[in-house]
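K.L.:
Sharing a structure, written as structure tokens. Questions coming.
Each value in this text was obtained by applying a stated rule to the coordinates, not by laboratory testing. Just so it is clear, the model here is predicted, and its values are computed rather than measured. Neighbour counts run over all protein chains shown; Cβ positions are idealised from the backbone, glycine included.
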Amino acid sequence: MIQVRLPDGATRALSPSSTPADLAKAISPSLAKRTVVAVIDGQLKDLSTPLLEDAEVELVSRDDPRALELIRHDLAHILAEAVQALWPGTQTAIGPAIEHGFYYDFDLDVPFTPEDLPVIEKKMREIIAKRTPFTSETWSRDQARAHFEAAGEPYKLALLDAIPEGEPVTVYRQGDWLDLCRGPHLRHTGDAGAAFKLTRVAGAYWRGDAKNKMLSRIYGVAFADKKTLDEHLTMMAEAEKRDHRRLGREMDLFHFEEVAPGSVFWHPKGWRLFQTLIGYMRGRQEAAGYVEVNSPDIMDRALWETSGHWQNYRANMFLTKTEDERDFALKPMNCPGHMLIYGQGTKSYRDLPLKLAEFGKVHRYEPSGALHGLLRVRSFTQDDAHIYCTPEQLTEECLKVNDLVLSIYRDFGFEDVRIKLSTRPENRIGSEESWDRSEDALRTALETAGHAYTLFEGEGAFYGPKLEYVLRDAIGRDWQCGTLQVDFNLPERFGTTYVAASGDKLPPVMLHRALFGSLERFTGILVEHHAGHLPLWLAPVQAVVATITQAADPWAAEVATSLSAAGLRVETDLRNEKIGYKVREHALKKIPVQIALGAREAENRTVTIRLHGSDKTETLSLEDATTSLVQASRPPSTTIASCI
RNA sequence: GCUGCUGUAGCUCAGAGGUAGAGCACUCCCUUGGUAAGGGAGAGGUCGAGAGUUCAAUUCUCUCCAGCAGCACCA
């Protein structure tokens, strides 16, 4: 007999080679019915796994979070069986469980179309209804090779070869269909359940490599129950509603044109928001000791050869040849320009740290398929800065940047910030000493600040290690915004130096940093994060003064002038429309403050205020309203409390 | 860039081998109305671009451009 210990500490004696399924049955029939998979000594295993010696066993029911990934994995197999049943001869590649669902990659002559999905889904539901058991078999490599060769499954043969020597080769069978698979699986196809939906077809490279053939991928979402699936689908629909491309149009912020793919046409309101961001950042940077500069947009090829961009980055650059055959390039980055500004005159250690900031517009010829609204564009404005300092100052400067960037994100309501630290790659320049010092400086900055980070060893740029700041947006997408990088390369290429206290000319340490990263991208993230309901201090139009009757027009003009004079961004709506019509329209445009004025207000010199998201109104004197609105429209880090 | 899909009025979309339609938005008129759509009239389109087939193409075919989804890319 073998002893099996359960999570509650109880032990049970079973005959050798009993399975967790036997165990469940021995405890109670209802438990046996519920149990779909087992954790044996900490590892998820099939219920049919024979127990050969003493073990700790936990029986897992279908609604356990640990079963969800297996539900999704089961569905991937079922999807593949359905596809091969409908299109015999289709080759299968890989089909894993992923966040929210699963996918399977196929190779077939005619790719799937969206119309195929309901057909496949129907077939899958038939397979599920059969409740066919999943059974595992361990095969020899030769047996597996022979099988998949005969089956005409070249991708499976490739996967087979990728299994390390010494590891067992297992296949999972469901009726007549089988797949090379590590497992585990649930009991039978019925355990996969009905709470799934095939969502899209897409191309995907074999093994994720663009040099390989493109396969046809089918994606599905899946959850343990219908309710969670519906919630997920509702959430996706919500996410679509707050898509910044749609909101940007509805709020009249910007648009795109075919003649300038990937470049933004900013409308007055969008540009005002953009400039508000720049104004805010300018204030924070000035307070932090930065000086602002500006460098040319178009510079000669010679500069880009010095910086190395011509050799390494040309495919991503917009190039231009003038009438006299001279090669220029639009700057894809600001750093070379800043090197030239630094290079003017002799710099002393007394000048350091020197922090050159620029709201520079850079142009990069991004692949067409990468473009995505404001979030991935071909010309964008960076809140870029380069910090030149001595090696001794490095750690402190990194710490200051880190403090600044996190403080700024908090002001925008982004508390969920992940930081990635990427360290020395195989191909690199610079001494080990420099790398030690730089990686140390970045790590110390993070540890001093007490912020968690993820280490990406070997992922740094060839010229130095870097930090990347990743914000999670409302749809749960992660967007890299800020970056802090140490650079050994450019000072060397440009022969940049400072005069040290000793009188020696030494190369400065150079830091690249951008906090918003791209103003365009940051604007898009902000719009999605707030679902268009921008906080008062950012809203391009903070208040609309709308009249109820024409008799209030003069008072409306006076109120608007007064609020504008107090620094608020105000528009008036004197149109010949009912107040309900005006309220609806301005609510749809997400204007934070609506001020309605009728005969009563005009007579008493008062205003009636309605805040976005509320249907309550409040009437108060113009003076009180102004004070309150001015107070509420300050950026967070410069205000103590908002009072409206 | 790759795979698939899409491109008709400012927006959302319908339509058909014989040169186009709805709702909203827009303009004008009536209405001066108290917190999410008052009524009437009108204007608006080289049907993404180019080529081909056809008596005839916005519709069919091809090429290109752009967008969308995914993949790859992302200093």
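K.L.:
Normalised by the residues of chain A, what does the relative contact order come to in percent, with Cα pairs under 8 Å and at least six apart?
P.N.:
Details: 1172 pairs, mean separation 54.1, N = 644.
Here the relative contact order equals 8 percent.
K.L.:
Under a Cβ-only charge scheme (Lys and Arg +1, Asp and Glu -1), can you give me the dipole magnitude of segment A:502-644 about the Cα centre, in debye to the nearest 20?
P.N.:
Roughly 380 debye for segment A:502-644.
K.L.:
Further question on the same structure: So, counting K/R as plus one and D/E as minus one, what does the shell of residues with Cβ under 12 Å around residue A:207 add up to?
P.N.:
Taking every Cβ under 12 Å from that of residue A:207, the sum is 0.
K.L.:
Same structure again: Only Lys, Arg, Asp and Glu count, each charged at its Cβ (+1, +1, -1, -1), so figure out the dipole size of chain A about its Cα centre, rounded to 20 debye.
P.N.:
Computed about the Cα centre, the dipole is about 1240 debye.
K.L.:
Which net charge results when you count Lys and Arg as +1 and Asp and Glu as -1 among the other residues whose beta-carbon is under 11 Å from that of residue A:497?
P.N.:
0
K.L.:
When A:227, A:25 are ordered from fewest to most other Cβ atoms inside 10 Å of their Cβ, what list results? List each step's numbers first, then the result.
P.N.:
On the way: A:227 10, A:25 15.
In order of increasing Cβ crowding within 10 Å: A:227, A:25.
K.L.:
Another question about this same structure. For residue A:300 and residue A:271, compute 0.36 nm times the residue count separating them, minus their Cα-Cα distance, and round to one decimal in nm. Show your work: numbers first, answer last.
P.N.:
Numbers: separation 29, 0.36 × 29 = 10.44 nm, distance 3.02 nm.
Here the answer is 7.4 nm.
K.L.:
Under a Cβ-only charge scheme (Lys and Arg +1, Asp and Glu -1), can you give me the dipole magnitude of segment A:224-297 about the Cα centre, in debye to the nearest 20?
P.N.:
Result for segment A:224-297 is approximately 240 debye, rounded to the nearest 20.
K.L.:
Which lysines, on any chain, are close to residue A:211 with Cα under 26 Å apart, when same-chain ones fewer than 8 places away are left out?
P.N.:
Within reach: A:156.
K.L.:
For chain A, what Kirkwood radius comes out of the mean inverse Cα-Cα distance, in Å?
P.N.:
Values: mean 1/r = 0.0336 Å⁻¹.
It works out to 29.8 Å.
K.L.:
Leaving out same-chain residues fewer than 8 places away, which lysines sit with a Cα under 24 Å from that of residue A:321?
P.N.:
A:331, A:361
K.L.:
Something else about it: Show that you can apply the helix-only estimate: for chain A, add -39,500 (n - 2.57) for every DSSP H stretch of four or more residues, divide by all residues, and state [θ] at 222 nm to the nearest 500. Walk me through the numbers before you get to the answer.
P.N.:
Numbers: 20 runs with 224 residues, N = 644.
After summing the helix terms and dividing by the residues of chain A, the value is -10500 deg cm²/dmol.
K.L.:
Short version: ³J(HN,Hα) in whole Hz for each residue of segment A:200-207, in order, from phi by Karplus 6.51 cos²θ - 1.76 cosθ + 1.60 (θ = phi - 60°), x for Gly and Pro, what are they?
P.N.:
7, 10, 7, x, 8, 6, 4, 6
K.L.:
State the Kirkwood hydrodynamic radius of segment A:239-353 in Å, one decimal place, computed from all pairs of distinct Cα atoms.
P.N.:
Answer for segment A:239-353: a Kirkwood hydrodynamic radius of 17.8 Å.
K.L.:
Can you tell me the FRET efficiency between residue A:472 and residue A:234 if r is taken as the Cβ-Cβ distance and R0 is 30 Å, rounded to the nearest 0.05?
P.N.:
On the way: r = 20 Å, r/R0 = 0.66.
Efficiency, rounded to the nearest 0.05: 0.90.
K.L.:
Express as a percent, rounded to the nearest 5, the fraction of DSSP beta bridges in segment A:545-644 (both residues included) that run antiparallel.
P.N.:
Among the beta bridges of segment A:545-644, antiparallel pairing accounts for roughly 65 percent.
K.L.:
Which pairs break 22 Å Cα to Cα here: A:241/A:589; A:347/A:420; A:25/A:226; A:123/A:241; A:197/A:226; A:33/A:123?
P.N.:
Violating the 22 Å limit, Cα to Cα: A:347/A:420; A:25/A:226; A:123/A:241; A:33/A:123.
K.L.:
I would also like to ask the following. Using the Cα gyration tensor of segment A:379-500, with a ≥ b ≥ c the square roots of its eigenvalues, what is the shape: rounded (a/c below 1.5), prolate (a/b larger than b/c) or oblate (neither)? Walk me through the numbers before you get to the answer.
P.N.:
Values: a/c = 1.72, a/b = 1.62, b/c = 1.06.
Cα axes put segment A:379-500 in the prolate bin.
K.L.:
Can I ask one more? Looking at A:70, A:102, A:84, which one has the Cα that reaches farthest to the positive end of the dipole of segment A:1-129 (charges on Cβ: Lys, Arg +1; Asp, Glu -1)?
P.N.:
Ranked along the dipole, the leading option is A:70.
K.L.:
Hand me the GluC sites (Glu not before Pro) from segment A:262-355 located in a DSSP loop with no more than 14 other Cβ atoms within 10 Å, in residue order please.
P.N.:
A:323, A:325
K.L.:
Which one of A:143, A:377, A:559 has its Cα pushed farthest toward the positive end of the charge dipole of chain A, where Lys and Arg give +1 and Asp and Glu give -1 at the Cβ?
P.N.:
A:559
K.L.:
Cβ neighbours within 10 Å, averaged per peptide: list A:543-550, A:65-72, A:450-457, A:29-36 in order, most packed at the top.
P.N.:
Answer by packing, highest mean first, reads A:543-550, A:65-72, A:29-36, A:450-457.
K.L.:
How big is the Rg/Rh ratio for segment A:23-105, C-alpha atoms only, Rh by Kirkwood, two decimals?
P.N.:
Looking at segment A:23-105, the ratio lands at 1.08.
K.L.:
What percent do you get for the relative contact order of segment A:599-640 when only Cα pairs under 8 Å and 6+ apart count?
P.N.:
Relative contact order, segment A:599-640: 27 percent.
K.L.:
Can you list the aspartates and glutamates whose alpha carbon is less than 13 Å from that of residue A:582, not counting same-chain residues fewer than 8 positions off?
P.N.:
Correct list for residue A:582: A:571, A:573.
K.L.:
By the scheme Lys and Arg +1, Asp and Glu -1, what is the net charge of all other residues having a beta-carbon under 12 Å from that of residue A:145?
P.N.:
-2
K.L.:
Taking only C-alpha pairs under 8 Å that are 6+ residues apart, what is the relative contact order of segment A:534-574 in percent?
P.N.:
51
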